[in-house]
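**Student:** Before I ask anything, here is the structure I am working with.
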Amino acid sequence: MLNTKKLLFILPDVVYIAEMLPAKKKGDFNIASFRQINGEFLDDNEFIKENIQKLFAKIEADEYQLILPDFLFTNTIVEAPENSKNKIKEYLEGKLLPSLDISTASHYLEHFVLTEFNKKAKIQLTALEKDLLSPIAQAATANKIKIVTVNSLSWLAKSLISLEPSLSLLQMGERLYLAQHYIGLDQSNDAELTDVEKIAETIKTLKGAEPSIQTIYLLSNELVEEKLKDLLKGTIPVQQLANFKDEESKIPSYVKAILEAGAKTLSIKDFQVPGFDLEAVSQPVAKIVPEIVTEDLPKPEKVIEPVIEEEPATPDLSQFAAVAEAKEDKAIELPPTPSSNPHMKEEAAVVIKNKSGVSGMLKMLFIVLAVFLLTVAIGVALGLAFIVLSQKMAPQQSAQESQPAVESSPAVSPSPSPEPEITTKDLSVLIVNATTKAGYAGKIEKLLTADFKSIDTANAKGEYEEGLFVLIQEENQALLAKLTELTDLDLDFSSNDKLVEDPDGNYDLVVVLAK
């Protein structure tokens, strides 16, 4: 059986699912299949439960190694004043962990010794809060998906990073993930893709505190590389690890490199990577899965009872008694009443005898006749009144006709009001990327920056057919023509709800790049 690996990356704004197959060279892997799902999966430091459940419903049932962003973990290198296993354990459990408010009851915890020198030890400490993974454990259990291990993103770059003190900067989705490496992992940071300046300032601070840091190993698009090199000129060398000549249509080269490096890092024992087993959470959760599934289904505001078709009511046959009174006393045969039980056979015709006495039907006939006569009387009265009124108005009308007609001036048709000019300087725009092309929204942003008040970019949250769309409250052809002119894109108005991409209504329009 091939030693395949399935990697599942869940990041704030994007999910990557990749099946990795061993390559000819030992330890290397190639991508057999790849899938990208855009969306919003994390709110600050917590998973969005509803979105995680929808995500796992789309994933094929199998075993996966789950990779999460660094900021969910505690990844730090600490120095212990002892170097024996027992004393290190005493130091961690008695001093360090209580000071960090971390315990084995509340967190997954792993530590190992990186170096020993002069009776002191440098220790890698990695922790992850257990409750944080509850939505993932629930969704995985409900969809028969097994999470083999849970790992931190920047650890996956270990097979690409030299053992010298260095930094890694990984681009995944619309975010950048920075980490300090030296055998272990420390000082994790992240920022929006558009905020390269923040990353550059953090790198300068780390370099000032640790002058031994030699290189930044970069896996990002060319725009980030160009800007970062300019900001860090003379501070620290930047080495791009992505091969842009090997760019694939569906997978950005830097994502491809991270996936291949990650599979290698997780498969080679020489790379000691902390990983946590999700089974410890999923087992107790499985006992309450029915309750969880019920809670997450959309609930109506009030209980809606099922619609049940009732049997037709059996008519009150006594109404027919008086009508049949003058006839012979014989039975009236009616068709059988349908049974509510589908398993019962149809019964023979019901035979009901006439009853003597005055029936309600005769009374009903009198009422109908009286109403008819009253209606006719009202109609006749209205007709006479109309005739009299017409006769009175006839002389006035003839007098008006005898007067000479006044020649009226021809009606002047209103001239069409000119279409108002579009002042784009007052409009704010959100550009969302619904494709796998990295930096697509940023390229369009540059074309519009000079003509609009403000422009932001993001990954698309909704799902769209292939095309280029403008989401706005009211359709405006002049605005569409302006956007088409500036971007040279074949844009169309879309009926999609703008609130999907802009739930808080912060923008005047949203441009969706789905092609």
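**Student:** I'd like the distance separating the alpha-carbon centroids of segment 425-503 and segment 174-225, in whole Å.
**Tutor:** Here the two parts' Cα centres lie 31 Å apart.
**Student:** Sticking with this structure for a sec: With both bridge residues required to lie in segment 5-296, what share of the DSSP beta bridges run antiparallel, to the nearest 5%?
**Tutor:** Beta bridges within segment 5-296, antiparallel portion: roughly 75 percent.
**Student:** Ranked by Cβ crowding within 10 angstrom, fewest neighbours first, how are LYS58, LYS264 ordered?
**Tutor:** Listing LYS58, LYS264 from fewest to most nearby Cβ atoms yields LYS58, LYS264.
**Student:** How high is the relative contact order of segment 424-514, given as a whole-number percent (alpha carbon pairs under 8 Å, six or more residues apart)?
**Tutor:** Worked out over segment 424-514, it gives 42 percent.
**Student:** Normalized C-alpha radius of gyration of segment 424-514, against 2.2 N^0.38 Å?
**Tutor:** Taking N as the residue count of segment 424-514, the ratio is 0.95.
**Student:** Another question, then. Taking the beta-carbon count within 10 Å as an exposure proxy, list SER33, SER253 from fewest neighbours to most.
**Tutor:** Least to most surrounded, the residues fall as SER33, SER253.
**Student:** Report the relative contact order of segment 5-296, percent, no decimals, based on alpha-carbon pairs under 8 angstrom and at least 6 residues apart.
**Tutor:** 20 percent
**Student:** I've got another one for you. Going highest first, how would you order 186-195, 89-98 by mean Cβ packing within 10 Å?
**Tutor:** The densest-packed peptide leads the list: 186-195, 89-98.
**Student:** Pull up the DSSP beta bridges for segment 424-514 and report the antiparallel fraction as a percent, rounded to 5.
**Tutor:** Of the beta bridges lying entirely in segment 424-514, close to 30 percent run antiparallel.
Since every read-out is calculated from the coordinates, none of them should be taken as a lab result. Everything numeric here is computed off the predicted structure, so don't read it as measured data. Backbone-built Cβ (ideal geometry, glycine too); neighbour counts: all protein chains shown.
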